[in-house]
1. What are the ³J(HN,Hα) values, in whole Hz, obtained from phi via the Karplus relation 6.51 cos²θ - 1.76 cosθ + 1.60 with θ = phi - 60°, for each residue of region 118-130 in sequence order, with x given for Gly and Pro?
2. Convert each backbone phi in region 37-54 into a coupling constant with the Karplus relation 6.51 cos²θ - 1.76 cosθ + 1.60 (shift: θ = phi - 60°), then list the ³J(HN,Hα) values in order as whole Hz, x for Gly and Pro.
3. Please give the residues of region 102-139, grouped as numeric ranges, whose backbone N is less than 13 Å from a label point set 7 Å along the Cα-to-Cβ vector of Asp88.
4. Calculate the dipole size of region 34-157 relative to its Cα centre from +1 charges on Lys and Arg beta carbons and -1 charges on Asp and Glu beta carbons; express the result in debye to the nearest 20.
5. First select every other residue whose beta carbon is under 15 angstrom from the beta carbon of Met154; then total the charges, Lys and Arg +1, Asp and Glu -1.
Amino acid sequence: MRNRRPAAPFLFILLGIVVCLGCKKAKPDPKNLVDTGTPINLSAIVGSNQVQMFSEAKRPSLLPRPVVDYFNQSDGIAGPGEDFNLGDFIDSRVPSRMFVTAAVSRQYCIVSYWQGGFTVRFQTDIFELSDSKAKLIWVSDQQGGFNFRDLKEMVESGRMHNDLGK
């Protein structure tokens with residue numbers, strides 16, 4: 001006759017592992033979190049020594065509604081990794097822009113994105129926000145940030161040029 005070990009301890013261990021794995025899945029994906037309260041000095045953009053607190057937006061749905069409406073006036077803006085019209089062959093089902101990163105404060109929204117077309121370009125738009133409206137005040141072709149930290153450094157450095165109205 002063989003000695004049988006009680007199954008209960010093994011079942012509790014197995015149950016604990018399953019619960020722990022479930023807890024890990026329940027945590028929010030850090031790629032979708034929004035950083036709150038990062039100061040960005042806007043003196044190179046607005047001309048005065050103005051520092052505002054910005055939050056990172058990691059996808060277009062986190063942009064202020066007036067900025068989303070601005071992009072939707074043409075054909076919208078795809079999220080990171082989503083399909084967009086990269087070249088000049090236009091598929092009307094997808095936008096011609098793909099979101100890269102954005103910084104949002106109470107008064108400003110800075111958005112870097114890829115713009116498809118005959119030549120693909122990297123662009124950064126800066127909007128002034130007021131009264132549920134977004135006014136485009138700065139467009140920088142071929143400059144901006146590929147992540148939030150890069151975007152902050154480019155804005156503060158004064159190296160971004162304004163191509164609005166060219």
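Quick note: the coordinates plus some simple rules give every number you see, no bench work behind them. In this text, all values refer to a predicted model and were calculated from it rather than measured experimentally. Please note: Cβ atoms are built from the backbone with ideal geometry, for glycine as well, and neighbour counts cover all protein chains shown.
1. 3, 10, 7, 10, 9, 9, 10, 10, 10, 10, 9, 9, 6
2. With coefficients 6.51, -1.76 and 1.60, one gets x, 9, x, 10, 7, 9, 4, 6, 9, 9, x, 10, 6, 10, 10, 10, 8, 10 Hz.
3. The answer is 117-120.
4. Here region 34-157 has a charge dipole of around 240 debye.
5. Values: positive: Arg149, Lys152, Arg159; negative: Glu56, Asp125, Asp141, Asp150, Glu153, Glu156, Asp163.
So the surrounding residues net to -4.
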